[in-house]
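K.L.:
Attaching a single structure in structure tokens format; questions to follow.
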């Protein structure tokens, strides 16, 4: 059983790492209140104003490059829903495969953005980032939720 201190650290880490991918959302049009997470991460890693500007730019560029993929994913999901309702198993297979590929493209865009941000961090900031990641992984594995086999 994790102590309260470890649980708090793990929850903080989960929130902070979630903020990494949302860092630029605080200034994006239509942002949904993610600014506090970006501010937390910026504060936790003690980012300089220059680093903050660079990170925002990196994530804004990633958001722009992912927009066509997100739009295609939305269309694919709508088509998949129609195929489900029509019980068209062949189309379901094809669309589900396409959906997976599109989700993979978005994951690659996000990962590339994170890699670029990681490169602008100092070694101390990179170490803090690694500690957050480790705490997040520990929290994920200690949540008591067993993986589902479907």
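K.L.:
Quick one: what pairs do we get from segment 122-150, first residue more than 24 Å from residue 55 (Cβ to Cβ), second modelled with pLDDT under 90 and part of a loop (DSSP other than H, G, I, E, B), C-beta under 7 Å, 6+ apart or different chains?
P.N.:
Sorted first by the residue in segment 122-150, then by its partner, the pairs are 142/2.
K.L.:
Test each condition in (1) surrounded by 14 or more Cβ atoms within 10 Å (Cβ to Cβ); (2) modelled with pLDDT of 90 or more for residue 24 and report the one that comes out false.
P.N.:
(2)
K.L.:
While we're on this one: So is residue 67 over 19 Å from the mean Cα position of the chain (by Cα) and loosely packed, with under 12 Cβ neighbours inside 10 Å or not?
P.N.:
Criteria not met by residue 67.
K.L.:
Additional query: Would you check if there is a residue in segment 82-95 being surrounded by fewer than 13 Cβ atoms within 10 Å (Cβ to Cβ), at positive phi and either touching a strand residue (DSSP E or B) at 6+ places or on another chain (Cβ under 6 Å) or at pLDDT 95 or above (or both)?
P.N.:
Yes - at least one qualifying residue is present in segment 82-95.
K.L.:
Let me ask another. Looking at (1) over 26 Å from residue 60 (Cβ atoms); (2) surrounded by fewer than 13 Cβ atoms within 10 Å (Cβ to Cβ); (3) at pLDDT below 95; (4) under 19 Å from the mean Cα position of the chain (by Cα), which is the only condition residue 100 fails?
P.N.:
The single condition residue 100 does not satisfy is (3).
K.L.:
(1) closer than 21 Å to residue 106 by Cα; (2) more than 19 Å from the chain's Cα centre (by Cα); (3) surrounded by fewer than 18 Cβ atoms within 10 Å (Cβ to Cβ): which one isn't true of residue 76, the others all being true?
P.N.:
(3)
The values are calculated or read from the model by the stated rules, or taken from the named source; none is laboratory data. Keep in mind that this is a model prediction, so the values were computed, not measured. We place every Cβ from the backbone using ideal geometry, glycine too, and count neighbours over all the protein chains shown.
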